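Engineer: The following block contains the structure, expressed as structure tokens.
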Amino acid sequence: MTTRAARRSADASRPTTLARLRPLAFAGVVVGVLTVGAFLAFGDFLNRPATAAGTISVQSSMAGFTPAEIRVKAGSTVTLDWWTQDAAMHLQGGVHTMIAPDLGLREELAAESRRAVVWQVPDKPGTYDVYCDTCCGGKDSPTMHGTIVIEA
Ligand SMILES: [Cu+2]
């Protein structure tokens, strides 16, 4: 056995304080990372305002519409509980928009606000495009598009 190998094996059999603390530090880092990850993943969900029965909660953000697909019944009246946490400085005119030309839908939502949009759904079953044209590239950005599905 060389001197160096002997020293290494002696060190391994006699853990230092640092070596004993290492698993603890690692566990702390893991818990921290998971906590941050969970917050990022569920933060929107936790902050989401409670929605009354029969209404559809729709969030506008820099990620587009959430949910990206809104399903409604043809000829029904629905209430969209529409909200955003975005600040005015990020939005043209200080608003998000919800535009579906084929459905006669054109609404605005002020920054950091929430409003109910009572919408008489046209009796036109099908799948329609809806978009926001006041942020993040607007109509030209795929991210700013959502889908409205009108079920028969
Ligand atoms: Cu927008």
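The values are calculated or read from the model by the stated rules, or taken from the named source; none is laboratory data. No experiment lies behind these values; they were computed from the predicted model shown. Cβ atoms come from the backbone with ideal geometry, glycine included; neighbour counts cover every protein chain shown.
Engineer: Limited to the stretch 42-66, what total is found for residues that are buried (at least 17 other Cβ atoms within 10 Å of the Cβ) and either at pLDDT below 60 or within 11 Å of the ligand (Cβ to nearest atom) (or both)?
Structural biologist: Looking only at that region, the number is 5.
Engineer: Going by what's in this entry, would Gly137 be described as within 23 Å of the chain's Cα centre (by Cα), under 17 Å from Ala68 (Cβ atoms), surrounded by 15 or more Cβ atoms within 10 Å (Cβ to Cβ) and small (Gly, Ala, Ser)?
Structural biologist: Details: within 23 Å of the chain's Cα centre (by Cα): yes; under 17 Å from Ala68 (Cβ atoms): yes; surrounded by 15 or more Cβ atoms within 10 Å (Cβ to Cβ): no; small (Gly, Ala, Ser): yes.
No; evaluated as a whole, the condition is false for this residue.
Engineer: Out of Ile99, Ile150, I need the residue that is within 14 Å of the ligand (Cβ to nearest atom), in contact (Cβ under 8 Å) with a residue 24 or more places away in the chain and touching a strand residue (DSSP E or B) at 6+ places or on another chain (Cβ under 8 Å). Which one? Explain how you work it out, then say what you get.
Structural biologist: Values: Ile150 fails: within 14 Å of the ligand (Cβ to nearest atom).
Just a single option satisfies the conditions, and that option is Ile99.
Engineer: Same structure, new question: Counting just the residues of the stretch 118-134 that are in a strand (DSSP E or B) and buried (at least 17 other Cβ atoms within 10 Å of the Cβ), which one comes out modelled with the lowest pLDDT?
Structural biologist: Residues of the stretch 118-134 that are in a strand (DSSP E or B), as a first pass: 118-120, 126-131.
Okay, now just the ones that are also buried (at least 17 other Cβ atoms within 10 Å of the Cβ), so 119, 128, 130-131.
Working: Trp119: 95, Tyr128: 98, Val130: 98, Tyr131: 98.
My answer is Trp119.
Engineer: Considering every residue within the stretch 113-120, establish whether at least one is within 12 Å of the ligand (Cβ to nearest atom) and either touching a strand residue (DSSP E or B) at 6+ places or on another chain (Cβ under 8 Å) or charged (D, E, K, R) (or both). Explain how you work it out, then say what you get.
Structural biologist: Of the residues in the stretch 113-120, the ones within 12 Å of the ligand (Cβ to nearest atom) are none.
No, the stretch 113-120 contains no residue that is within 12 Å of the ligand (Cβ to nearest atom) and either touching a strand residue (DSSP E or B) at 6+ places or on another chain (Cβ under 8 Å) or charged (D, E, K, R) (or both).
Engineer: Looking at the stretch 67-91 only, could you name the residues that are polar (S, T, N, Q) and surrounded by fewer than 14 Cβ atoms within 10 Å (Cβ to Cβ)?
Structural biologist: Kept after step one, since they are polar (S, T, N, Q), are these residues of the stretch 67-91: 76-77, 79, 84-85.
Within the stretch 67-91, Ser76, Thr77 qualify.
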